[in-house]
Every structure is written in structure tokens, then in C-alpha cells.
Amino acid sequence: MKRIFLIATILTSFFLFLTLSSFNSRRADGLVTDILAYTNEFRKSKGKPALLLNADLNAIAQTHSANMASGKTGFGHAGFNEREKLAAKKLSSIHSFAENVAYGPSTGREVVNMWKKSSGHRKNMLGKFKYMGIGTARDRRGVIYYTQVFAN
């Protein structure tokens with residue numbers, strides 16, 4: 001009887017973990033999808049072509065967001081040159097690279113609107129780029145850190 005209870009407890013814990021993990025993944029995927037959509041909507045309103053989401057750039061952006069959220073690096077653009085070199089390695093044809101970072105907003109719409117109001121971030125979103133990568137990460141207090149990278 002104790003063995004059955006133990007197995008049931010383990011299985012219940014495992015399925016709870018899977019459910020919570022998939023919920024967090026969907027939330028992060030939803031932020032990425034929203035940021036892509038709102039950025040491309042903004043570009044379209046200014047007569048610019050849509051940006052294509054790139055998996056290699058997503059990984060670069062995700063790592064930077066995770067590093068900021070964990071405190072491994074401070075908020076900002078520290079390590080930008082290394083990210084640019086990594087992007088050039090992954091996408092050998094790129095000749096330009098830019099980055100937006102933010103923290104605090106809880107939705108993709110909010111972070112894109114915040115970037116639109118800043119001249120430097122706005123310039124990046126409307127730049128002559130073909131690809132974009134997006135990364136998001138939460139710190140232990142639940143604050144979301146964003147990284148948006150652009151390449152052409």
C-alpha cells in the first residue's frame with residue numbers, strides 16, 4: 001500500500017511539473033509571438049517589410065535576457081560585441097546588427113510601445129534589417145527582461 005502511494009505521489013508530482021513547465025513555455029512563446037507581431041505591425045505602418053524571426057538570433061537574445069534576469073550581467077548592452085560576433089558566426093551573411101533591451105513591462109504590446117517612444121530603440125525597430133531574435137526571462141521577483149536583436 002505504501003509503495004502504491006509513493007508511486008502515485010511521484011507520478012502526480014511529475015505531471016504537475018510538466019504542466020507548470022509547459023505553462024511557462026507557452027507564456028514565453030506568447031511574449032515572443034506578440035513582440036514579433038507588434039514590431040512588424042509598427043514596421044508595416046511605416047512602409048517597412050516584416051522581419052523574420054530567426055532561431056539562432058532568438059537563442060542569442062534569450063541568453064542575454066536570462067543573464068540579466070539572473071544578475072549574471074547587469075541590465076543593458078554589456079557584451080554586445082560578443083553577441084554581434086556570435087550572430088555573424090551563426091548567420092555568415094549579416095553585415096549589420098542592433099539590439100534593444102528592456103525590463104518591467106508584462107506584455108509584448110507594452111514593451112514594443114515603450115521601445116517606440118525611445119528614439120534609439122525606434123530606429124532599431126525601423127532599421128534596414130531582415131531578421132529578428134527575441135528573448136525573455138523573469139528574475140526571481142517575476143520582473144521580465146527583454147532582448148530584441150536585429151540582423152541584416
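The values are calculated or read from the model by the stated rules, or taken from the named source; none is laboratory data. Every value quoted in this text rests on a predicted model; they were computed, and no experiment measured them. Methodologically, a virtual Cβ is constructed for each residue, glycine included, from the backbone with ideal geometry; neighbour enumeration extends over all protein chains shown. Please note that ligands, DNA and RNA were not included when accessible areas were found on the heavy atoms of the full protein model with its side chains. Shrake-Rupley method; radii C 1.70, N 1.55, O 1.52, S 1.80 Å.
Values for this structure:
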quantity: Candidates SER92, SER70, filtered to the one that is open to solvent by 60 Å² or more (accessible area, probe 1.4 Å), among the hydroxyl-bearing types (Ser, Thr, Tyr) and modelled with pLDDT under 95; calculated: SER92
quantity: Identity of the residue in the range 95-117, of a type in the set (Ser, Thr, Tyr) and surrounded by 14 or more Cβ atoms within 10 Å (Cβ to Cβ), that ends up nearest to THR136 (Cα to Cα); calculated: TYR103
